[in-house]
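Below is one structure, written out as structure tokens; the observations come after it.
The values are calculated or read from the model by the stated rules, or taken from the named source; none is laboratory data. Just so we're clear, the structure is a prediction, and the values are computed from it rather than from any experiment. Here the Cβ is made from the backbone with ideal geometry for all residues, glycine too, and neighbour counts use every protein chain on show. Accessible surface areas use protein heavy atoms only, side chains included; no ligands, DNA or RNA. Shrake-Rupley method; radii C 1.70, N 1.55, O 1.52, S 1.80 Å.
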Amino acid sequence: MAAPIQMAPDPVTKHYFVKTDEGMFLLIHQWIKRQRKKRRLQITGYRTIQADYIREADGAMAPLTWKRVYDFSRTAATVMRFHMLTVTGLLDHFEPKSEISERNEAAMQRNMPAPGYARPINSGNHLAADEYEAMCVSAHFDMMFSYFRIKHRLRDIQDNLPVSLTDELIIVDTNHNVVWDMIVTLTVTQLRHSARTPKFVEFSAEPNLVVYRLDLKPPTRQLPALPFPDPDGDEEIPIGDLHL
């Protein structure tokens with residue numbers, strides 16, 4: 001029996017850079033600054049989401065009250081992903097909203113885009129055209145705000161002293177010549193415990209997401225070259241030639 005035909009994989013056109021990968025991220029971040037200074041890239045889309053709280057799903061607990069740090073961390077990771085999918089316009093690619101998302105939707109404050117930055121983040125379906133591409137974006141976001149990373153960050157939290165977890169994700173699309181820059185912060189404050197509820201923990205949480213979309217000006221066939229990571233930092237190669 002003949003072996004099944006192996007389909008060639010689609011060419012990689014999107015490249016993801018998370019701030020925790022400091023080496024490549026710093027190169028890409030500096031590259032964006034240079035291209036903006038040369039007026040090759042311009043901000044065309046800008047969206048933000050802020051929220052006043054994160055609440056658990058079933059409503060059995062009082063607002064801001066959690067049985068364990070683990071419970072808060074799991075819920076916070078889910079809510080942060082929900083906010084990201086909302087601000088980028090990718091929510092329609094996923095299943096109906098969970099109870100956690102529905103209980104936290106009312107906390108969101110969506111800022112209208114400033115004049116000149118009205119283009120939707122996913123205009124033309126460039127960020128994600130289908131469920132698979134939306135899952136890729138979500139997976140990289142989860143790398144930044146996984147529940148165990150949130151839990152680890154809160155291990156030494158003290159009463160009434162805010163703790164912030166901040167990260168950044170840059171996505172470069174070489175097919176449509178678009179760049180997205182996503183800056184995300186979660187600020188958590190542990191409130192002083194009441195003598196009546198010594199077994200519970202109270203958290204005040206404030207998610208904040210900012211997303212920029214940058215397009216080439218004027219449109220060209222290929223994005224400007226990216227810096228090649230060599231000791232001198234002078235040589236440049238087209239981003240499409242990078243294998244990340």
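A compact table of results
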| read-out | value |
| --- | --- |
| Simple spin-label estimate for E102 and I157 in nanometres, 7 Å along Cα-Cβ | 2.6 nm |
| 30 Å Cα-Cα threshold exceeded, pairs from K14/K67; K38/K151; K33/K151; K14/K37; K19/K67 | K14/K67; K38/K151; K33/K151; K19/K67 |
| Length released on extending from A118 to T187, taking residue separation times 0.36 nm less the Cα-Cα span | 22.1 nm |
| Heavy-atom SASA rank of M143, M135 (probe 1.4 Å, accessible area, largest first) | M143, M135 |
| Positive minus negative residues near T44 (Lys, Arg vs Asp, Glu; Cβ under 15 Å) | +4 |
| Peptides ranked, highest mean first, by Cβ atoms within 10 Å: ranges 161-174, 202-215 | 202-215, 161-174 |
